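The values are calculated or read from the model by the stated rules, or taken from the named source; none is laboratory data. All values reported here derive from a predicted model rather than from experimental measurement. Backbone-built Cβ (ideal geometry, glycine too); neighbour counts: all protein chains shown. These accessible areas exclude ligands, DNA and RNA; they are computed on the full protein's heavy atoms, side chains included. Shrake-Rupley method; radii C 1.70, N 1.55, O 1.52, S 1.80 Å.
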Amino acid sequence: MFARNDNGARLTQFKNKGKDVNELRRRRAEANVELRKAKKDDQILKKRNVQSLLDGPTSPLQENGPNAQHWSLEEIVRGVNSQNLDVQLQATQAARRLISRESHPPIDSIIAANLIPRFVSFLALSEFPPIQFEAAWALTNIASGTSAQTSAVVEGGAIPAFISLVASPHPHISEQAIWALGNIAGDGPNFRDLVIKHGGLNPLLSLLAVPDLNMFPSCYLRNVTWTLSNLCRNKNPAPPLVAVQQLLPALVRLLQHNDREIVADICWAVSYLTDGSNERIEVVVQAGLVPLLVQLLACGELSIVTPVLRSLGNIVTGTDEQTQCVLNAGALAMFPSLLRHHKPNIQKEAAWTVSNITAGKDTQIQEVVNAGLMPILVDILHQGDYKTQKEAVWAVTNYTSGGTVEQVAFLVQCEVLAPLLNLLNAKDSKIILVILDAICNIFQRAHKTGEIEKLCIMIEELDGLEKIEALQSHDNEAVYKSSLNIIERFFSDKNEADESVVPEATADNFTFQLPKDQSTFKF
């Protein structure tokens with residue numbers, strides 16, 4: 001699946017002391033990590049269409065009224081361009097119905113008819129709120145479409161018009177404007193930054209400056225939150241750092257709200273903000289979000305736990321100090337249940353997070369040990385979902401690279417060798433290379449205590465030598481070289497002792513027992 005240079009690229013996304021300084025802490029690779037993409041159809045949507053069920057309580061014209069008949073596009077164009085305000089309203093509402101209700105809304109026809117500039121001009125008619133609302137609704141749904149359709153709304157001058165409407169005295173108009181801005185910002189980084197450049201953050205944050213957020217209807221506050229989340233979304237480039245710093249106090253406040261949907265959207269926003277450089281991670285850490293995220297990790301609500309775990313996982317890809325903030329907040333206490341979660345994707349994300357913690361200092365590795373996570377990871381290697389197993393392999397390999405002799409011996413006590421060796425049968429050459437690295441690291445620790453022969457016997461007892469030898473005929477040249485290196489260094493004739501002096505391979509001899517006096521530790 002991956003050539004050697006691909007594996008090397010992943011290794012350079014880690015940091016540790018065992019190899020190159022930048023070798024062992026991974027950054028997320030969006031191309032090959034499915035869970036870490038927030039797709040349109042799950043988790044949190046980039047864009048949303050306003051459904052016509054809102055007609056009842058909010059529309060100034062009732063659906064069963066005298067104007068409820070369907071208008072043709074030609075009639076709509078004539079009506080929107082008429083000089084009569086009431087006819088303009090009726091035509092705008094007819095257009096809104098047309099693009100809100102049909103399974104294949106004729107959005108492109110509306111755009112081609114040059115109606116968007118007219119709708120945008122209606123947004124300014126503060127003396128006639130009904131047409132402001134209908135025009136805003138129509139434009140919101142156009143902006144919920146393709147990027148080209150969203151572009152048409154932006155090119156029509158809608159962004160500044162919507163920003164002005166956020167402060168409308170009419171809550172339903174304000175909410176519609178906020179919704180539209182969320183759709184525009186959700187299209188991608190260019191339009192997101194355009195909303196920010198036009199000053200879109202200020203009125204939203206002003207709304208949230210009230211003493212009590214419960215003064216807003218829940219649906220209104222959910223829309224504000226969702227739009228803020230979209231303003232945090234997307235990379236290449238990431239949102240302007242100044243805007244992020246401006247946003248963070250509001251995110252901290254909303255994260256403590258009692259509405260689950262609001263909290264979930266804010267957690268996704270934080271996951272977007274932490275998906276970047278260490279500098280960006282630091283801004284989030286300094287805002288005091290980590291303890292709040294760790295508290296939410298225990299809430300048991302999948303819609304919240306998923307983005308919280310993503311956020312914390314992102315943070316521990318940062319510096320050792322940023323990782324320590326997550327550990328100091330007590331996050332690891334939740335990981336036994338997360339690694340055993342009924343949802344494989346949660347298990348996978350949790351294992352990925354642990355893999356970045358074990359890429360840290362040996363004191364941080366010890367915290368993973370103290371939390372009881374290594375036997376669980378070994379169990380995952382035995383019988384977990386394959387995608388989670390791959391993350392567990394990384395966690396173990398990083399552990400063997402940065403761990404002390406005692407820590408690596410403990411890992412062997414947890415019977416890690418058998419499942420690691422079994423996974424050498426995997427079809428993914430990248431994972432095979434990572435496992436071979438782990439085996440090599442374990443041998444290097446055994447060498448420090450002069451117990452390579454014990455380790456060789458353990459591996460042979462598990463049919464590991466046979467598996468490693470079989471890799472010499474592997475299609476991937478890097479796999480061949482790595483397996484040959486292990487055999488030549490640790491299993492060659494010159495390293496083999498006379499069988500008469502090799503101790504019998506009993507469980508007692510080869511479980512790498514830790515003596516009470518660890519200063520004289522032997523494998």
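So the values come out like this:
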quantity	calculated
At 0.692 mPa s and 37 °C, Stokes D of the stretch 348-409 from Kirkwood alpha-carbon radius, µm² per second	294 µm²/s
Rounded accessible area of Val80 (nearest 10 Å², 1.4 Å probe)	0 Å²
Paramagnetic label zone (point 7 Å from Cα along Cα-to-C-beta, Gln286; backbone N under 11 Å) in the stretch 320-350	none
Most to least accessible of Glu469, Glu415 (protein chains only, probe 1.4 Å)	Glu415, Glu469
Probe 1.4 Å, all protein chains present, accessible-area order of His382, His70, His474, largest first	His70, His382, His474
The stretch 409-466, accessible surface, carbon-and-sulfur percent (1.4 angstrom probe)	45 percent
Largest to smallest accessible area among Tyr272, Tyr386 [probe 1.4 Å]	Tyr386, Tyr272
Over 18 Å between alpha carbons, listed pairs Lys427/Lys467; Lys361/Lys390; Lys47/Lys343; Lys430/Lys481	Lys361/Lys390; Lys47/Lys343
Heavy atoms of Ser72 accessible to a 1.4 Å probe, total area in Å² rounded to 10	40 Å²
Per residue value of the accessible surface for the stretch 144-256 (all protein chains in place, 1.4 Å probe), Å²	37 Å²
Percentage relative contact order, the stretch 338-445, counting C-alpha pairs under 8 Å, at least six apart	28 percent
Whole-Hz couplings from phi, Karplus 6.51/-1.76/1.60, listed for the stretch 459-471; x for Gly and Pro	5, 5, 4, 8, 6, x, 4, 4, 5, 5, 4, 4, 6
Stokes-Einstein diffusion coefficient of the stretch 146-296, Kirkwood radius over Cα pairs, 25 °C, 0.890 mPa s, in µm²/s	158 µm²/s
Average projected area [Cα convex hull, the stretch 317-452], square nanometres	7.6 nm²
Gyration tensor (Cα) of the stretch 106-184, equivalent ellipsoid semi-axes in angstrom	19, 13, 10
Spacing of the two label points (7 Å from each Cα toward its C-beta) at Asn258 and Leu241, in nm	3.9 nm
Within the accessible area of the stretch 163-278 (1.4 Å probe), percent carbon and sulfur	56 percent
Taking the C-alpha atoms of the stretch 175-234, convex hull volume expressed per residue in Å³	66 Å³
Overall form of the stretch 235-393 per C-alpha gyration tensor (a/c, 1.5; a/b vs b/c)	prolate
Calculated from backbone phi, Karplus (6.51, -1.76, 1.60) coupling profile of the stretch 322-338 in Hz, x at Gly/Pro	5, 4, 5, 4, 5, 5, 5, 7, x, 4, 5, 4, 8, 6, x, 6, 5
Backbone HN-Hα couplings from phi across the stretch 280-289 [Karplus 6.51/-1.76/1.60, Hz, Gly and Pro as x]	6, 4, 4, 4, 5, 4, 5, 6, x, 7
Cα-based equivalent ellipsoid, the stretch 213-317: semi-axes from gyration tensor eigenvalues, Å	20, 16, 12
